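I have placed the structure first, in the form of structure tokens, so that the comments after it can refer back to it.
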Amino acid sequence: MTAPLRVLVTGAAGQIGYSIVIRIADGTVFGKEQPVELVLLDVPQCTAILEGVVFELQDCALPTLYSVVAVTDEKSAFTGVDYAFLVGAMPRREGMERKDLLAANVKIFKSQGKALAEYAKPTTKVIVVGNPANTNAFIAAKYAAGKIPAKNFSAMTRLDHNRALAQLALKTGTTIGDVKNVIIWGNHSSTQFPDVTHATVKKNGSESDAYSAVGDNDFLQGAFIATVQKRGGVIIEKRKLSSAMSAAKAACDHIHDWHFGTKAGEFVSMAVPSDGSYGIPQGLVFSFPVTIDAASREWKIVQGLNFDDFAKGKIAATTKELEEERDDALKACDDANI
Ligand SMILES: NC(=O)c1ccc[n+]([C@@H]2O[C@H](COP(=O)([O-])OP(=O)(O)OC[C@H]3O[C@@H](n4cnc5c(N)ncnc54)[C@H](O)[C@@H]3O)[C@@H](O)[C@H]2O)c1
Ligand SMILES: O=C(O)C[C@H](O)C(=O)O
């Protein structure tokens, strides 16, 4: 039998947790031939809920679910982990920006960064979903440094990427499979830059660039960008809860592609520690277009894309916001006695 992968989901008693565990357990993320040892972490007050989730997973009778355990301490959670989905964190409510969560959530990621360093495999791959996701990933990577390389930490902008694909498909009357290579640059926040300059759309059997397929530059530089930037807030307004089904699906897409590689000729958006590409300050966890090699499971930032002045302005704004968040988070971590 193929050795099981040990996969941790934090915040497993929460909304996203409930949608994500089935996809990891049923082979959607790691394949139908890959057994998974699922570890579910939440706070001790959620013990009974976690137990309920474990019982339901058992009742699913899944051939790929080798084992499932519920835990409420970091040592049991992080020991020997191959992949970590860091979801557990407070969600925003109506009227808040994601960075308003920084003071409450950043301490979780300081503590979990240290726990990853102490207990997880040095090869562990981490996706941070809890908001503000980019900055939380920056903090987790910082506190795991020396044990786990920064390149193994990422934050989720795949939901924004999927939102951009869906908006382009809706606008052009095509389906998701016809649209590719949108890019989300920067922060998972309302300053992100959803960019379709390199996207293509297949319509009536022929592929064209997104600008030709849409034929409405004002839309692409206005309503399209605003819709993607503000989608999370609109979902909260409607549901009175933040996105969960779509967030869980996006996290699974992100880790699926990290594990299996991206398709030839396609890139995906992933927030990763900057290596200085496109002038983005080193170490900032910034969403870039990436390709992933299936054999090495290493991501590479797509190089050589050109920016016009419009794009340069958008990228500068999201970079500035991330630098400010980073500085606030570092201060909050210094103040936090963890
Ligand atoms: N990056 C994205 O695209 C994206 C998308 C949607 C939601 N989010 C974020 O994901 C996070 C979770 O959202 P949700 O809707 O599932 O929230 P939720 O409140 O339903 O669940 C969060 C869970 O995390 C748990 N938790 C809190 N502190 C913890 C800790 N230290 N260790 C382990 N578990 C802990 C809580 O007890 C709760 O069960 C929020 O921060 C939300 O803003 C991000
Ligand atoms: O918007 C939120 O606060 C939740 C999530 O980040 C989203 O984009 O849906």
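Just so it is clear, none of the values below were taken in a lab; they were calculated from the coordinates. The structure presented is a predicted model; accordingly, all values stated were derived computationally and were not measured. Reconstructed Cβ throughout: ideal geometry from the backbone, glycine too, with neighbour counts over all protein chains shown.
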Open item on the list: For a protection proxy built on the mean count of beta-carbon atoms within 10 angstrom, sort 240-250, 85-95, 4-14 highest first, please.
Closed with: 4-14, 85-95, 240-250
Open item on the list: Can you classify the stretch 240-338 as rounded, prolate or oblate using the Cα gyration tensor, where a ≥ b ≥ c are the square roots of its eigenvalues, rounded means a/c under 1.5, and otherwise it's prolate if a/b beats b/c and oblate if not?
Closed with: oblate
Task: Span from the the stretch 183-241 Cα centroid across to the the stretch 273-338 one, whole angstrom - done: 20 Å
Task: Dimensions (Å) - the stretch 157-323, Cα atoms, principal axes, largest first - done: 39, 37, 36
TODO: Take the chain, connect every pair of alpha-carbon atoms lying under 10 Å apart with a spring to form a Gaussian network, then pick out the residue of Asn152, Asn204, Asn131 with the largest mean-square fluctuation.
DONE: Asn204
Task: Per principal axis, descending, Cα span of the stretch 87-215 in whole Å - done: 54, 37, 19
TODO: Specify whether the C-alpha gyration tensor of the stretch 1-78 places it in the rounded, prolate or oblate class, a ≥ b ≥ c being the square roots of the eigenvalues: rounded for a/c under 1.5, otherwise prolate if a/b is larger than b/c and oblate if not.
DONE: prolate
Open item on the list: Using the Kirkwood radius over C-alpha pairs as Rh, can you work out the diffusion coefficient of the chain via Stokes-Einstein at 25 °C, viscosity 0.890 mPa s, in µm² per second?
Closed with: 121 µm²/s
